[in-house]
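Novice: Below you'll find the structure I mean.
The values are calculated or read from the model by the stated rules, or taken from the named source; none is laboratory data. Here the structure is a predicted model, which is why all the values come from computation and not from measurement. Here the Cβ is made from the backbone with ideal geometry for all residues, glycine too, and neighbour counts use every protein chain on show. Each accessible area value is taken on the protein alone, full model and side chains, heavy atoms only, with ligands, DNA and RNA left out. Shrake-Rupley method; radii C 1.70, N 1.55, O 1.52, S 1.80 Å.
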Amino acid sequence: MSRKKVDRFVVLREKEAALHLSPGLFPAGTAEEWTAENRTLIFSTHPLNNGCALAVAGKKTREHLAEDNRVFEQDEKVYVCRMETVPDERLPFIYDSHAVFVSLQKMMRTIEESEDTDAAGHANGTTTSGERTAADITSLLQTSALYREAMLRQVRVLQEAPRETEFILSEMDVFQAMHAVWHLVEIIYLATNMPGGLSAPIVPHFMGWLNFNFPAPLAEDGQRIFADGPSADDLAANPDVWPYLKKLALRGHVTTMANMLDRIAPAKSSVSASVARWAREVARIARAMPLGSDEETAGSFNARWRLWNGELQSTATAIRSLLASPSPSPSPSTKEEAEAEATAATSAGAGSDDPALESLYSIVEAMRGDAAAISAQSETWQDMMGATLLYSEPTAQADRLPTLAAEVADEFQTHEFAILDRTLVALLRHELPEFLVYSNQIDPWLSAHMSDMMEHINILGVCRRVFAVEPREHYVIELGEVYMSHEDLWRVGLEYLGMSGGCAGAGAAVMEEYAMRIPLESDRKAAQVLRTCAAHGLQRAADRIHRQLGRQKWQQGRLGAAITHFAQARDHRSVGLVCDQLWAAYLESGGSGDLAYGPTIDGVLAATGVRHDRLDFLSRYRDFHACYGAGDPVAAGRILLAIITAGIAPPHAVRDLLVDAIPLLEGDALVFSADDTFELLRRAEEEKRDGTNGNSSSSEMSVFSVACARNLARAFVAA
């Protein structure tokens, strides 16, 4: 795949899917009849996932239908349909990997903050070129291992499933593929990528990866060959032995291969003397295969490798000469003489007709790094890649992989490769844009977490130059949207969306839209959603959720909770409306002195601490009644006057407040001064001019005017 073709894979995010109900909601071929009978389909879509509820219903209400209309059984059924995108079996893995993902983001933020504070760029080994330090790589390597542990744990869970269904097998294939891909990335870019360049030999890491993720030969093959403890002759005569030995050689299991050759060598009747002799020699050489170490220099290892390879060359030459020499052709004079010469020929040497010797020669040729021999014996490109690295380039580094991968791929029909093969080859060739696209086809989880890890390793830049979108943000958002379709994963999905990019990125906008549409089945879930919004700064979503909850509580008659949510959403109009309802309920009760709304107001103020004119009015009006009831008319008068003059009371309540002043105006104590009384009269005149009518009658207002006149007279006398 050329890089120019990547964009079309990336930008086409919309997935098309068809949803079929079998059997249908009404019998096939009867749509016209059902329509004529006043039948139709109704549906309701889920606000988050790709599901809906379907039912058959009447176009009119049942009361308006003619009596002769039939009532179908399907009317009583509601079909809840949803395409399953996240199976429940994955939930433990999702929670585990999400915890690792969140931990990784926190760790990288800490590292970046530390680098920002180190302006010189040299403290703790930090480089000025943006490369990761050895400590950073070690931390990323540990995090990568946690991801792989989660994948392997999920594979074990699937293997222990009570029934091996098609779904279980498919899930096992997916997780094994994801582990193989992740493991190889870890080897190429972390395990062999310490600061200073790709200097560590990759061969031992690659062979470990190969034999772990693509085990061959299978352990079952060896158990079948060695079943019942075969003798040397039985073992040598087994047709599966030599193919098994070739596989052992290709995969680098040279010690196991040497042990098997030693068991074959004593055979008397099944192999020739030449095979027995050279089997022992090949076993000896295989055990002497040089292995590198951190303490040994490259020059010393290469010298030992050349000596070892020279022994293999000499052995291959000797075996080839035996294969090239024809077997003795006896010219017997008698039958007994012919049989004796044939037996001697078999014991002395085999020649070109000895399959065992030919197999032994193929093994030696592959071990000495002959490309043709390796290619001929390799069943998969992974076998050929591993054997080529192991025997031809034992000191190869990761930067050698692209060339070798291209050469190996040319030996196979790449158009027949499975998606896993394409992914791995693209990775080996360092074609990272194609690699990410193929990873997404394996599973969205892989592309999301892989792009995140690549970002932290600082190798995602090449993808940005090719992709039409920001790769990490795109894939993490895609995974978050997948998780949002599952009712139990909304919090995980929101966090993936929130961590997909910066505050101004697309992820924040998508997260906010999803947060506003999460079904709130309980107060506990609503509180969790609001905490998540607060953690990610989603103020618009939080305000909308508070307004939604406020309306719900208002409809349920929980006015205190309604005020709390409206106040936190800064919906002052709704707060005022609910407070007006509390005031109206107080007036309808006949103005009882206990003010039933008191606990409601206390709860709101304690929970939110918000200030609102209507809340302030109700609270201070309750204080007024408390002072009046306690026999302190002066304090009650000051509070009432403050309420009236501060303008915090709703217009329709002012007349009621003025009427409340009548007992204070006509009481024994002088509560209001002349100025206070003039202020009360001024407010009464404004109310009369504005035409605002409260619960008070005109006669009560007349009494208020007379009371004010009397109080003025008393105030003037007192002055």
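Novice: Return only the number of the condition from (1) assigned to a helix (DSSP H, G or I); (2) open to solvent by 30 Å² or more (accessible area, probe 1.4 Å) that LEU424 does not satisfy.
Specialist: Tallying (1) assigned to a helix (DSSP H, G or I); (2) open to solvent by 30 Å² or more (accessible area, probe 1.4 Å), LEU424 fails exactly one: (2).
Novice: Let me ask you something else. Surrounded by fewer than 18 Cβ atoms within 10 Å (Cβ to Cβ), among the hydroxyl-bearing types (Ser, Thr, Tyr), at negative phi and not in a loop (DSSP other than H, G, I, E, B): does that describe SER300? Full working, then the answer.
Specialist: Details: surrounded by fewer than 18 Cβ atoms within 10 Å (Cβ to Cβ): yes; among the hydroxyl-bearing types (Ser, Thr, Tyr): yes; at negative phi: yes; not in a loop (DSSP other than H, G, I, E, B): yes.
Yes.
Novice: I need the full set of residues from the stretch 460-497 which are part of a helix (DSSP H, G or I) and either of a type in the set (D, E, K, R) or more than 12 Å from the chain's Cα centre (by Cα) (or both), in order please. Spell out the reasoning first.
Specialist: Pass one, the stretch 460-497, residues part of a helix (DSSP H, G or I): 461-464, 471-484, 490-497.
Passing the criteria: GLY461, VAL462, CYS463, ARG464, PRO471, ARG472, GLU473, HIS474, GLU478, GLU481, ARG491, GLU495.
Novice: When residues of the stretch 95-128 are filtered for being closer than 21 Å to GLY501 by Cβ and either modelled with pLDDT of 70 or more or assigned to a loop (DSSP other than H, G, I, E, B) (or both), how many remain?
Specialist: Here the count works out to 18.
Novice: Something else: Which is acidic (Asp, Glu), at pLDDT below 95, farther than 30 Å from GLU113 by Cα and not in a helix (DSSP H, G or I), of GLU164, GLU131? Let's see the steps before the verdict.
Specialist: On the way: GLU131 fails: farther than 30 Å from GLU113 by Cα.
Selected residue: GLU164, the only one of GLU164, GLU131 that is acidic (Asp, Glu), at pLDDT below 95, farther than 30 Å from GLU113 by Cα and not in a helix (DSSP H, G or I).
Novice: Let me ask something else about it. Look at ALA515 and say whether it is hydrophobic (A, V, I, L, M, F, W, C) and modelled with pLDDT of 90 or more.
Specialist: On the way: hydrophobic (A, V, I, L, M, F, W, C): yes; modelled with pLDDT of 90 or more: no.
So ALA515 fails the test.
Novice: Could you check GLY501 against (1) open to solvent by 20 Å² or more (accessible area, probe 1.4 Å); (2) modelled with pLDDT of 90 or more and say which number it fails?
Specialist: (2)
Novice: Give the residue, chosen from LEU712, LEU641, LEU681, LEU664, that is part of a helix (DSSP H, G or I), open to solvent by less than 20 Å² (accessible area, probe 1.4 Å) and of a type outside the set (Phe, Trp, Tyr).
Specialist: Details: LEU712 fails: open to solvent by less than 20 Å² (accessible area, probe 1.4 Å); LEU641 fails: open to solvent by less than 20 Å² (accessible area, probe 1.4 Å); LEU681 fails: open to solvent by less than 20 Å² (accessible area, probe 1.4 Å).
Criteria check complete, one pass: LEU664.
Novice: So if I check each of ARG540, ARG531, ARG570, ARG551, which one is open to solvent by 60 Å² or more (accessible area, probe 1.4 Å) and either among the aliphatic types (A, V, I, L, M) or not in a helix (DSSP H, G or I) (or both)? Don't jump to the end; show me each part of the working.
Specialist: Details: ARG540 fails: either among the aliphatic types (A, V, I, L, M) or not in a helix (DSSP H, G or I) (or both); ARG531 fails: either among the aliphatic types (A, V, I, L, M) or not in a helix (DSSP H, G or I) (or both); ARG551 fails: either among the aliphatic types (A, V, I, L, M) or not in a helix (DSSP H, G or I) (or both).
None of the others qualify; the one that does is ARG570.
Novice: Could you tell me which of the residues ALA418, ALA448 is more than 25 Å from PRO201 (Cβ to Cβ), free of Cβ contacts under 8 Å to residues at least 24 places away in the same chain and not basic (Lys, Arg)? I'd like the intermediate steps shown before the answer.
Specialist: On the way: ALA448 fails: free of Cβ contacts under 8 Å to residues at least 24 places away in the same chain.
Only one candidate passes the filter, namely ALA418.
Novice: Quick check on my filter: what residues within the stretch 304-314 are free of Cβ contacts under 8 Å to residues at least 60 places away in the same chain and open to solvent by less than 40 Å² (accessible area, probe 1.4 Å)? Break it down stepwise before answering.
Specialist: The initial filter retains those residues of the stretch 304-314 that are free of Cβ contacts under 8 Å to residues at least 60 places away in the same chain, namely 304, 306-308, 310-314.
Across the stretch 304-314, the qualifying residues are TRP308, GLY310, LEU312.
Novice: Output the residues belonging to the stretch 554-567 that are of a type outside the set (Val, Ile, Thr) and either in a helix (DSSP H, G or I) or touching a residue at least 24 places away in the same chain (Cβ under 8 Å) (or both). Walk me through how you get there before you give the answer.
Specialist: Here is the first cut: in the stretch 554-567, the ones of a type outside the set (Val, Ile, Thr) are 554-562, 565-567.
Answer for the stretch 554-567, where residues must be of a type outside the set (Val, Ile, Thr) and either in a helix (DSSP H, G or I) or touching a residue at least 24 places away in the same chain (Cβ under 8 Å) (or both): TRP554, GLN555, LEU559, GLY560, ALA561, ALA562, HIS565, PHE566, ALA567.
Novice: Within the stretch 625-638, can one find any residue that is surrounded by 21 or more Cβ atoms within 10 Å (Cβ to Cβ), under 17 Å from CYS708 (Cβ atoms), at pLDDT 80 or above and touching a Lys or Arg at 6+ places or on another chain (Cβ under 9 Å)?
Specialist: There is no residue in the stretch 625-638 that is surrounded by 21 or more Cβ atoms within 10 Å (Cβ to Cβ), under 17 Å from CYS708 (Cβ atoms), at pLDDT 80 or above and touching a Lys or Arg at 6+ places or on another chain (Cβ under 9 Å).
Novice: Every residue in the stretch 441-459 that is surrounded by fewer than 22 Cβ atoms within 10 Å (Cβ to Cβ) and within 15 Å of THR85 (Cβ to Cβ), please.
Specialist: ASP443, PRO444
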